[in-house]
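J.: Sending over a structure as structure tokens; questions will come in a sec.
No value in this document is a laboratory result; all are computed from the given coordinates. Just so it is clear, the structure is predicted and the values come from calculations on it, not from any experiment. Cβ coordinates were reconstructed from backbone atoms using ideal geometry, including for glycine residues, and neighbour counts include every protein chain displayed.
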Amino acid sequence: MSVHRPPFDPAALTVRQLLASSVAVIDELLRRGLIRTRNSPLGDLAESLALRAYGGELAPNSEKSFDLWVADGRRLQVKARLVRFGDKRSQTFSAFRSWDFDAALFLLFDATTYDLSWAREVDRSETEALGRRVEHTNSYAILVRRVQGAGIDVTDQVTAAYEGIDGPVDDHAVV
């Protein structure tokens with residue numbers, strides 16, 4: 001049975017009420033097991049979607065090289081980015097500091113809705129070739145526009161996982 005609720009209007013809230021609501025949302029996402037930290041939920045959401053789409057097991061939070069042991073035995077690094085479409089600034093995925101993984105899953109989300117725009121799986125060697133060295137952070141940066149045509153398109157599979165996000169995890173799902 002569905003309960004009808006009036007639309008949520010964040011513009012009507014004070015900053016403190018917005019912040020309190022944000023905490024409540026993070027608490028509920030933690031309770032549901034969708035996210036694992038109190039950081040911005042984007043990274044944890046992306047890892048949860050990867051788990052749901054590929055099956056396997058999430059790596060510990062302290063693992064620096066990959067995020068998911070895929071059901072087929074591969075180590076998958078997951079990177080996500082929120083983008084406001086029409087924003088002309090350079091858009092970069094979070095930094096790579098290690099190439100000790102088998103493939104990277106890049107997820108691009110609309111910053112206003114959290115809708116998945118596209119998902120690309122790129123093998124390690126191609127991912128490394130897409131990166132440019134950033135000396136002052138001892139890392140590699142990869143621009144969103146460089147990933148868009150790389151690897152293989154797995155948007156449909158990750159979208160299907162996202163559509164089932166409120167249900168239990170099927171750890172045998174495979175892309």
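J.: Measure nothing but the geometry: give the 0 to 90° angle between the long axis through the Cα atoms of 15-31 and the longest principal axis through the Cα atoms of the chain, rounded to 10°.
T.: Here the helix axis deviates by roughly 60 degrees.
J.: Assuming a ≥ b ≥ c are the square roots of the Cα gyration tensor eigenvalues, decide whether the stretch 16-113 counts as rounded (a/c under 1.5), prolate (otherwise, with a/b larger than b/c) or oblate.
T.: Values: a/c = 2.10, a/b = 1.28, b/c = 1.64.
In terms of gyration-tensor shape, oblate.
J.: Given the Cα-Cα distance of SER40 and ILE152 and 0.36 nm per residue of separation, how much length would full extension add, in nm?
T.: Fully extending the segment from SER40 to ILE152 adds 37.6 nm.
J.: Please compute the modelled spin-label separation between ARG89 and TYR114, points set 7 Å along Cα→Cβ, answer in nm with one decimal.
T.: 2.2 nm
J.: Using only Cα atoms and rounding to the nearest 10 degrees, what angle (0 to 90) does helix 41-54 make with the longest principal axis of the chain?
T.: On a 0 to 90 degree scale, this one is about 70.
J.: Chymotrypsin sites (Phe, Trp or Tyr not before Pro), restricted to the stretch 71-165: which are DSSP loop and have at most 13 other Cβ atoms within 10 Å? Write down the numbers at each step before the final one.
T.: Values: sites: PHE85, PHE93, PHE96, TRP99, PHE101, PHE106, PHE109, TYR114, TRP118, TYR140, TYR162; in loops: PHE85, PHE93, TRP99, PHE101, TYR114.
Here the sparse-neighbourhood loop sites are PHE85, TYR114.
J.: Roughly what would the spin-label model give for VAL23 and GLU135, points 7 Å off Cα along C-beta, in nm?
T.: Rounded to a tenth, the inter-label distance reads 4.4 nm.
J.: Amide H of ILE35: which non-local residues (sequence gap of 5 or more, or other chain) have their own amide H closer than 5 Å, using H built in the peptide plane?
T.: When sequence neighbours closer than 5 places are left aside, the close amide H contacts are LEU30.
J.: Moving on. Label points 7 Å out from Cα along the Cβ direction at THR14 and ALA160: separation in nm?
T.: 4.8 nm
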